[in-house]
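Read the figures in this text as sums done on the coordinates, not as results from a lab. Just so it is clear, the model here is predicted, and its values are computed rather than measured. Every residue, glycine among them, receives a Cβ derived from its backbone with ideal geometry; neighbour counts consider all protein chains shown.
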């Protein structure tokens with residue numbers, strides 16, 4: 001897999017407290033601040049976009065999506081049993 005070329009820049013200002021919090025979060029995750037900020041912003045953007053009510057897909061992607069929806073349901077006995085048991089928090 002080829003690595004993506006990172007040739008775009010994003011600049012922003014933060015308060016001293018915000019910067020310190022971001023640095024602590026990055027440290028806990030074992031990431032550099034840039035990696036932490038980019039991955040956090042990307043996760044948030046993906047969540048926001050996933051909540052959209054309208055999706056625009058190419059014909060090929062739409063057909064692939066519909067074919068997945070049309071597949072027969074596979075019942076997984078172990079998963080059904082797991083979901084019917086009380087959770088660890090309910091025991």
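With Cα extents along the principal axes in Å as the read-out, I listed [x] 44, 34, 27; [y] 64, 18, 15; [z] 52, 48, 31; which label goes with the value calculated from this structure? Entry [z].
Using the alpha-carbon atoms, what tilt in degrees (0 to 90, nearest 10) does helix 16-29 show relative to the longest principal axis of the chain? The answer is roughly 50 degrees.
Over all directions, the average projected area of the alpha-carbon convex hull for segment 37-89 comes to how many nm²? Averaged projected area of segment 37-89's Cα convex hull equals 7.1 nm². Taking the longest Cα principal axis of the chain as reference, the axis of helix 33-50 is set at about 40 degrees. From most to least packed by mean Cβ count within 10 Å, the peptides 8-17, 33-42 give 33-42, 8-17.
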